[in-house]
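First up is the structure itself, then whatever we jot down about it.
Computed from the coordinates by the stated procedures, all read-outs in this text should not be read as laboratory data. These numbers were taken from a predicted model, which means no experiment stands behind them. All Cβ positions, glycine included, derive from the backbone under ideal geometry; neighbour counts span all protein chains shown.
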Amino acid sequence: MVVESIVGRIADLSSQVKVIDPLELTAEQRQRPHFRLRAKSGTEVFVSLPRGVELQDGDVLFLQDGIAIVVQAAAEDLLEITPRSAREWGAIAYQLGNLHREVRFLEAGMLTPYEASTEQVLRSSGVAFKRVQRSFAGERYGAYTGEHGDSHGHGHNHGSANGHRR
């Protein structure tokens with residue numbers, strides 16, 4: 001089956017769904033516009049979405065006769081960081097940015113994929129963190145979210161025409 005758009009969210013379509021066939025995806029897979037995988041039932045799914053669309057946990061990719069193929073965010077090896085002050089938030093965000101680490105923001109913290117070097121930076125900074133197995137989901141901010149029309153960069157130059165000083 002070929003999926004070219006998201007049908008909806010399972011929370012909104014639950015009255016129409018009798019069977020959920022999960023398609024477990026990592027954060028990296030959920031960001032890809034094109035891939036081929038098998039749902040838990042063995043159904044082969046070809047996903048071909050427009051650029052910049054990121055699949056979310058609970059997205060329904062197919063719904064027919066009460067059977068829904070639903071995105072399920074896979075558990076991943078992550079570091080959950082819980083800064084205790086505005087200063088720690090700023091310092092850790094700066095460090096993770098310098099390391100080019102992907103981040104998802106939670107209500108009271110942030111997640112980043114586990115790497116020993118990132119763990120060492122966090123340990124030396126004194127910020128509270130723990131290693132967890134959970135889905136890499138949360139809010140994304142900045143240039144990599146497609147805010148500027150491009151999911152891999154700014155999509156504009158930094159000249160004065162864009163309100164940026166040189």
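Points worth noting:
- Of the residues 110, 1, the one with the fewest other Cβ atoms within 10 Å heads the list, and the complete ranking is 1, 110.
- Scanning residues 5 or more positions from residue 8 or on other chains, those with amide H under 5 Å from its amide H are 60, with H placed 1.01 Å from N in the peptide plane.
- Per-pair calculated FRET efficiency, R0 = 22 Å: residue 44 and residue 67 via Cβ, rounded to 0.05: 0.90
- Other-chain or far-sequence residues with amide H under 5 Å of residue 134's (modelled H): 76, 78
- Gap separating the Cα centres of the stretch 65-99 and the stretch 1-60, nearest whole Å: 21 Å
- Per-residue 3J(HN,Hα) values for the stretch 120-133, derived from phi via the Karplus relation 6.51 cos²θ - 1.76 cosθ + 1.60 with θ = phi - 60°, read 5, 4, 5, 4, 6, 7, x, 6, 6, 7, 8, 8, 9, 10 Hz in sequence order (x marks Gly and Pro).
- Residue exposure sequence - 122, 13 - by fewest surrounding Cβ within 10 Å: 13, 122
- Close amide H pairs (under 5 Å, H built 1.01 Å from N) link residue 45 with 37, 38, 39, residues at least 5 positions away or on another chain.
- Efficiency of FRET from Cβ geometry, residue 56 and residue 123, R₀ 22 Å, rounded to 0.05: 0.10
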